[in-house]
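Below: one structure, written as structure tokens.
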Amino acid sequence: MGRLVLVKKRDGEIVPFEAEKLVLSIEHAVDGSGKKVAQQVTTALERACSGLVPTTAQIRDVVIKVLAKNKKALEAYDQHKRDQKVEFKTYAGIRNDLNLDGNAMEALAKGLLQRNDQGRVTETPGRLFKRVAKALSAPDKEFGSARKAEEDFYSVMSKLEFLPSTQILATAGLSNHACQVYALPVDDDLGGIMRTARDLVSLHTAGASTGMNFTMIRPSGDPIKGSLRSATGPLSWATIYDTTTNVVTGEKRNTATLSIHHPDSRTYCENQLQTFQSYISLSPAFLEAVQKGEEFEVTNPKTKKTTKASAEELFTHVLEHAANGLGIAFNDQPVALGQPLEAYQALPTGSINLSLMVKEGKPDWNKLKRTVRVAVRMLDNVIDINAYEIPETEHVTKGHRRLGIGVTGFADMLARLDIPYSSPKAINFGEQLAKFLREEAEKMSLEIAKQRGGYPSQKEGKAKRNDTLLAILPTGVEGITGTAPSIEAFKYAVRVVGEEHPLLEVHPVLDQLLRDNNAFDLTVLAKALNKPLTGIPKKVQSMFVTNDILGADHSLKLQAAFQKHVDGGVLKTINVEGAKPADLKKLITAAAKAELSTLTFQA
């Protein structure tokens, strides 16, 4: 057994292993038996890492594994860490003027707080929210209400009740590239295709995500007039956009959609695009042909010529790839982050923190109403202050004034209401909640329209300010609020955090549920690392559900419950691990019947 000498940090740097720091941390926590436990940890590390340079993550895992064998030591270590959690005054040298927790400060510091030329953070959370509030209240100056708007906007942000998307937080009052989501056209001509590539680079450089529909591109093998060459098809152009995005950002910023009626739909389903979430659009006619075992029409978008193909055979091919990440869409509009949009349309987004909309074990409808009203005003103003790099996007976006008001912390809210996430009651409450959000948002939109006018493209009915108002999707703010994203279940139950002093972190909601039921036991929880949660009361298990164990049928019903009242898209991940093709077929059929905009599986 070799002595542990070096350790590899998260950034790749190899430094001396300082056992004294580890021993000291354990001894402080476990008075009396601390030295003995610390020696066990050191011995286990040397045995596990003999002859190697371990990472800090590997060291963390060994520490928790050893401590898990000693219930007293593990509980004492946990309590020691709890005792060390004092009010934050600074975080990594940043003044914490809103007394946010460490996770929120870390999320803000990563890319939202302003930095100087030397890379040093020069902005506090309070100043960030003031910057955003001031920028978003600018359109109110014309109506003499800018000061009140700025106060209202700052209030909901500083209390984490409503947060606009991280794109807005990062750019408002600076570059003002505030809209998170854009749809771009893909025309069947070289000039149009290259123009979209240019626009894509411009938007990605500004931090936005883009959605494109490739259905109008002629299929591969089609003759090109005046040339001996033949067309290469939509996938080849998508590959160019994929490479471009990789060079500019290296992130998954694109969404591609193609109609099932396109001649290249089979090969499209097999694509390996790195920066795209791909969707195949299934029409009612195609799904009907599948159910009847009939053929369906395949249409060349250039010549309009049609041929027949087996719907069932192609649907089987779709199912194969849907289980591995291919998304399903139910209309032919470009899809961006689960939102169907018109070409050149931009969508400002934000999330209401539902975990804070509970009072004395009941929904705080009055507080939620106030928050919705402020959210509509904030995002409507984003449309006016947004910096439009592409002239067409300003015309289309201001013509419709679509908003993407979403939620975060639905699972947290259910836990506080004592409603099991995987119960029928959760689905019923989700529908009730979505209905309330829609009604209150529409009332506010009508009020704004009376003063400022309706959106220009509406043709009939009451003069609304906004074409659509709600959109359920992750906006990136869950790292700040510390909640489960959007309407998803919880991401984890137990995990290891910390490098020099590793700590078994229990999800705060699970922690509280267990303590409320006198069932908190770290020895039991330590066994749940990367495993299903067992050994805890059934009531707590039903209240605290993670995505990896949530049934697909329940996820779909919950998504459908929200979609009944959400006028935008509802994006939700459905776990289909171990599902058979027949199961996926059933889910897709049910999703189409429920009129979902998209369906996303995760195996």
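Rule-based calculations on the coordinates, nothing more; no lab input. These numbers were taken from a predicted model, which means no experiment stands behind them. Note that we place each Cβ from the backbone using ideal geometry, even for glycine, and neighbour counts take in every protein chain shown.
So, R0 is 41 Å and r is the distance between the beta-carbons of Lys225 and Lys159; what FRET efficiency does that work out to, to 0.05?
On the way: r = 61 Å, r/R0 = 1.50.
So the FRET efficiency works out to roughly 0.10.
If a/c stays under 1.5 just call it rounded; otherwise compare a/b with b/c (prolate if a/b is bigger, oblate if not). Do that for segment 181-336, with a ≥ b ≥ c from the square roots of the Cα gyration tensor eigenvalues.
oblate
For Lys462, which aspartates and glutamates qualify as cross-link partners when the Cα separation must be under 12 Å and same-chain residues fewer than eight apart are set aside?
Partners within reach: Glu442, Glu447.
For Lys308, give me every one of the lysines with a C-alpha distance below 20 angstrom, ignoring sequence neighbours fewer than eight places off in its own chain.
Lys308 reaches Lys292.
Would you mind checking which residues have amide H under 5 Å from Ser209's amide H? H placed 1.01 Å from N; only 5 or more apart, or other chain.
Sorted by chain and number, the residues that satisfy this are Val181, Tyr182.
Rounded to two decimals, what ratio of Rg to Rh does the chain give with C-alpha atoms and a Kirkwood Rh?
1.00
Mind checking the dipole of segment 181-336: about its Cα centre, +1 per Lys or Arg Cβ, -1 per Asp or Glu Cβ, Debye to the nearest 20?
The dipole magnitude comes to about 480 debye.
About its Cα centre, what dipole magnitude does segment 554-602 give when the only charges are +1 on Lys and Arg Cβ and -1 on Asp and Glu Cβ, stated in debye to the nearest 20?
Dipole magnitude for segment 554-602 comes out near 160 debye.
Find the centroid of the Cα atoms in segment 176-211 and in segment 214-252, then give the distance between the two in whole Å.
The distance from the Cα centre of segment 176-211 to that of segment 214-252 comes to 15 Å.
For the modelled label position 7 Å from the Cα of Asp567 along Cα-to-Cβ, which residues of segment 420-443 have backbone nitrogen atoms closer than 12 Å?
Taking a point 7 Å out along Cα→Cβ of Asp567, the residues of segment 420-443 whose backbone N falls under 12 Å are 438-443.
Can you give the FRET efficiency for Gln114 and Lys443, using 1/(1 + (r/R0)^6), R0 = 51 Å, r = Cβ-Cβ distance, to the nearest 0.05?
Working: r = 36 Å, r/R0 = 0.71.
Efficiency, rounded to the nearest 0.05: 0.90.
Can you return the lysines within cross-link range of Lys302? Criterion is Cα-Cα under 17 Å, with same-chain partners fewer than 8 residues away left out.
By straight Cα distance, Lys302 reaches Lys225.
Quick one: dipole size for the chain, taken about the Cα centre, charges +1 on Lys/Arg Cβ and -1 on Asp/Glu Cβ, in debye to the nearest 20.
Rounded to the nearest 20 debye, it is 880 debye.
Using every alpha carbon pair in segment 300-402, what percent of pairs falls into each 5 Å bin from 0 up to the bin containing the largest distance?
2, 9, 12, 12, 12, 12, 11, 12, 8, 5, 3, 1, 0
P(r) for segment 121-259, please, calculated from all Cα pair distances in 10 Å bins and given in %.
For segment 121-259, the binned pair fractions read 11, 30, 23, 18, 12, 5, 1 percent.
Among 447-460, 118-131, what's the highest-first ranking by average C-beta atoms within 10 angstrom per residue? Spell out each step's value before the answer.
Working: 447-460: 13.4, 118-131: 16.1.
Ranking, from highest mean packing down: 118-131, 447-460.
How big is Rg to Rh over segment 519-593, alpha-carbon atoms, Rh as the Kirkwood inverse-mean-distance radius?
The Rg/Rh ratio comes out at 1.09.
Spin-label point model (7 Å from Cα, Cβ direction): what's the Thr306 to Arg495 distance in nm?
Placing both labels 7 Å beyond Cα along the Cβ direction yields 5.0 nm.
Ranked highest first by average number of other Cβ atoms within 10 Å, how do 140-147, 184-191 line up?
Details: 140-147: 12.8, 184-191: 15.5.
Order by mean packing, descending: 184-191, 140-147.
Mind listing the long-range amide H neighbours of Tyr279? Cut-off is under 5 Å, sequence gap 5 or more, other chains count too, H placed in the peptide plane at 1.01 Å from N.
Ala256, Thr257, Leu258, Gly327
How many nm is it between the label spots at Glu320 and Thr267, if each spot is 7 Å from the Cα in line with the beta carbon?
The answer from the label model is 1.6 nm.
In sequence order, what are the phi-derived ³J(HN,Hα) couplings for segment 288-305 according to the Karplus relation 6.51 cos²θ - 1.76 cosθ + 1.60 with θ = phi - 60°, rounded to whole Hz, with x for glycine and proline?
Karplus values, whole Hz, x for Gly and Pro: 5, 5, 4, 4, 8, x, 10, 8, 10, 8, 9, 10, 6, x, 8, 8, 6, 6.
Report, by chain and number, residues whose modeled amide H sits under 5 Å from the one on Lys572, excluding near sequence neighbours (fewer than 5 apart, same chain).
Thr600
Exactly which trypsin sites (Lys or Arg not before Pro) in segment 167-227 are in a DSSP loop and have at most 16 other Cβ atoms within 10 Å?
Taking segment 167-227 and a limit of 16 other Cβ atoms within 10 Å, the loop trypsin sites (Lys or Arg not before Pro) found are Lys225.
Subtracting the Cα-Cα distance from 0.36 nm times the residue separation, let me have the gained length for Asn517 to Ala582 in nm, one decimal.
Working it through step by step, the gained length comes to 19.3 nm.
Mean separation of Cα pairs under 8 Å and 6+ residues apart, divided by the residue count of segment 133-188: what relative contact order is that in percent?
26
Kindly write out, for segment 516-527 in residue order, the coupling ³J(HN,Hα) from the Karplus curve 6.51 cos²θ - 1.76 cosθ + 1.60 (θ = phi - 60°), rounded to whole Hz, with x marking Gly and Pro.
These are the phi-based 3J(HN,Hα) values: 5, 9, 6, 10, 6, 9, 5, 4, 5, 5, 4, 6 Hz.
Would you work out which of His321, Ser355, Ala471 lies farthest towards the positive end of the dipole of the chain? Charges go on Cβ: Lys and Arg +1, Asp and Glu -1.
After comparing all options, I get Ser355.
Just how far, in whole angstrom, is segment 258-302 from segment 400-464 if you go by their alpha carbon centroids?
Using only Cα atoms to place each centre, the spacing works out to 32 Å.
What is the sum of charges, Lys and Arg at +1 and Asp and Glu at -1, for the other residues whose Cβ falls under 13 Å from the Cβ of Pro223?
In short, +4.
Say each of Gln291 and Val247 gets a label point 7 Å from the Cα, pointing the same way as Cα to Cβ; how far apart are those two points in nm?
Output for this residue pair reads 4.7 nm.
Ignoring everything except DSSP H segments at least 4 long, calculate the 222 nm mean residue ellipticity for the chain; use -39,500 (n - 2.57) per segment, divide by total residues, nearest 500.
Mean residue ellipticity, 222 nm, calculated: -13500 deg cm²/dmol.
Across segment 213-225, in residue order, what do the Karplus-derived ³J(HN,Hα) couplings come to in whole Hz, using 6.51 cos²θ - 1.76 cosθ + 1.60 with θ = phi - 60° and x for Gly and Pro?
Per residue, the Karplus-derived 3J(HN,Hα) values read 10, 9, 5, 7, 6, 4, x, 5, x, 5, x, 9, 4 Hz.
Can you sort Val62, Val497 by how many other beta carbons sit within 10 Å, fewest first?
The order, fewest Cβ neighbours first, is Val497, Val62.
Fully extended, how many nm does the chain gain between Glu106 and Leu529 (0.36 nm per residue separation, minus their Cα-Cα distance)? Provide the component values of the computation, followed by the final result.
Working: separation 423, 0.36 × 423 = 152.28 nm, distance 2.30 nm.
Full extension of this stretch gives 150.0 nm more.
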